[in-house]
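To keep things clear, I will list the structure first and then write my remarks on it.
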Amino acid sequence: MNQHTRFNLPICLAVEDDAFFHSDEIVSRYIPDIIGQKTIIVSEQFLIDLYKEKITDISRDFGNAEIIAMNDASFDEAVSIAKKVCIEDVKVIIGIGGGRVLDTAKYAAHISKAVYICMPTSLSNDSLASPFSVLETEGSARKTIACKIPTAIIVDTDMIANAPIGQTMSGIGDTIAKHTALFDWKLSASKTSGKVDDFAYALSRMSYDSVYHCDEKNMKSRVFIRILSRALVMGGLAMEIAGSSRPCSGSEHLFAHAIEEYYKDIRISHGLAVAMGSIPACIFQGQSPDGMINFFHTYGLDFNPKSYGITEDMFADMWEKAHTVRQGRITILSGMEHDKAQLSEIYNRMVES
Ligand SMILES: [Zn+2]
């Protein structure tokens with residue numbers, strides 16, 4: 001069977017000003033039969049308090065949908081929401097929040113076979129439309145689990161403009177990381193029987209290009225928010241089409257996973273961790289990181305390891321660990337022996353610039 005018979009696309013992708021205030025109109029434009037179906041809203045308590053007016057409005061528009069504050073972004077939480085959905089004959093789940101909420105709601109919808117409407121409150125990473133959820137499995141250990149992509153994605157540009165700027169920077173980092181991820185994907189295909197899906201490659205490359213070559217430098221402008229939200233969604237769809245995370249995740253993500261798994265005390269967002277990983281990954285791949293460094297400066301992304309309490313020794317250890325966090329994934333790191341002097345030079349360059 002051709003692998004292309006196996007992907008789904010969202011029915012609706014709306015990126016509009018004040019979209020949350022007329023989400024029911026947007027949804028009814030695309031999927032009219034959803035209106036009137038039993039719906040629940042999944043969010044987090046602090047967001048429910050912060051965006052009381054908008055979330056209450058959405059609930060009213062969807063037949064006084066019950067609003068659920070999830071406890072954590074865990075597998076068990078997703079299962080318990082799915083159980084409620086199945087038992088109470090809920091047909092639609094609306095996820096309103098950042099990556100944690102969206103991943104949990106997406107997975108709950110996947111296992112309960114409910115329609116999933118994704119409404120991000122920030123643009124922190126490309127899990128928006130990806131066919132994966134990152135969930136806590138035991139304690140804080142997290143696993144990336146395959147699932148169905150959203151049926152509808154509604155981005156409220158006012159909401160994103162008011163989100164903390166660090167979240168938007170994280171979304172930028174996750175988008176720029178596609179540069180090194182795509183290099184690693186091609187490299188892997190050249191060394192194995194695996195293939196690069198040209199269309200998924202092109203989508204991910206365009207996602208990267210649209211942000212990297214964007215003339216609008218104001219992260220709170222509507223133009224920039226529209227470009228970034230579509231770039232993140234296209235990254236998710238590239239993964240859906242490829243049937244893997246390869247179009248968006250390479251050695252720079254292995255570095256970020258090494259931090260998440262072995263250095264839990266380091267507080268850094270996913271997107272900034274992969275941005276930080278992209279600079280050394282570029283150098284390992286024999287590409288110049290200069291353009292990327294300039295780009296990060298333009299948008300104020302802080303890739304200095306010291307800002308996050310990462311010492312030179314920790315940095316070297318993170319790259320060692322990056323080799324083993326996802327066994328079987330071929331990247332520029334595969335079979336590579338790190339040269340201490342080179343890592344030290346890269347570290348100091350990142351600290352100084
Ligand atoms: Zn990512």
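The values are calculated or read from the model by the stated rules, or taken from the named source; none is laboratory data. Since this is a predicted model, take the numbers as computed values, not measurements. Cβ placement follows ideal geometry from the backbone for every residue including glycine, while neighbour counts extend to all protein chains displayed.
Yes/no per residue for (1) closer than 26 Å to residue 142 by Cβ; (2) at pLDDT 95 or above:
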{"residue": "238", "(1), (2)": "yes, yes"}
{"residue": "249", "(1), (2)": "yes, yes"}
{"residue": "297", "(1), (2)": "no, yes"}
{"residue": "304", "(1), (2)": "yes, yes"}
{"residue": "329", "(1), (2)": "yes, no"}
{"residue": "338", "(1), (2)": "yes, no"}
{"residue": "344", "(1), (2)": "no, yes"}
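The C-beta contact set for the stretch 108-120 (first residue over 17 Å from residue 73 (Cα atoms), second residue of a type in the set (Ser, Thr, Tyr), distance under 6 angstrom, 6+ apart or interchain) comprises 115/151.
For residue 237, the criteria (1) surrounded by fewer than 24 Cβ atoms within 10 Å (Cβ to Cβ); (2) more than 14 Å from the ligand (Cβ to nearest atom) hold in every case but one, which is (1). Within the stretch 80-95, none of the residues are charged (D, E, K, R), assigned by TED's automatic domain parsing to the domain that holds residue 14 and within 30 Å of residue 219 (Cα to Cα). Selection over the stretch 234-252 of residues that are in contact (Cβ under 8 Å) with a residue 12 or more places away in the chain and either over 28 Å from residue 328 (Cβ atoms) or of a type in the set (Ser, Thr, Tyr) (or both) gives a count of 3. Only residues that are crowded, with 17+ Cβ neighbours inside 10 Å and assigned to a helix (DSSP H, G or I) were counted in the stretch 213-226, giving 3.
For residue 122, all conditions in the list (1) more than 17 Å from the chain's Cα centre (by Cα); (2) part of a loop (DSSP other than H, G, I, E, B); (3) not aliphatic (A, V, I, L, M) hold save one; what is the number of the exception? Of everything listed in (1) more than 17 Å from the chain's Cα centre (by Cα); (2) part of a loop (DSSP other than H, G, I, E, B); (3) not aliphatic (A, V, I, L, M), residue 122 misses just condition (1). Using the structure shown, decide if residue 226 is more than 16 Å from the ligand (Cβ to nearest atom), modelled with pLDDT of 95 or more, touching a strand residue (DSSP E or B) at 6+ places or on another chain (Cβ under 7 Å) and more than 20 Å from residue 325 (Cβ to Cβ). Yes: the conditions hold for residue 226. Only a single item in (1) closer than 20 Å to residue 81 by Cβ; (2) at pLDDT 95 or above; (3) not in a loop (DSSP other than H, G, I, E, B) is not met by residue 149, and it is number (3).
Among the residues of the stretch 138-146, none qualifies, meaning not one is buried (at least 22 other Cβ atoms within 10 Å of the Cβ), of a type in the set (S, T, N, Q) and either touching a residue at least 40 places away in the same chain (Cβ under 8 Å) or within 15 Å of the ligand (Cβ to nearest atom) (or both).
Within the stretch 128-158, the set of residues being touching a Lys or Arg at 6+ places or on another chain (Cβ under 8 Å) and among the polar types (S, T, N, Q) comprises 133, 137, 140, 157.
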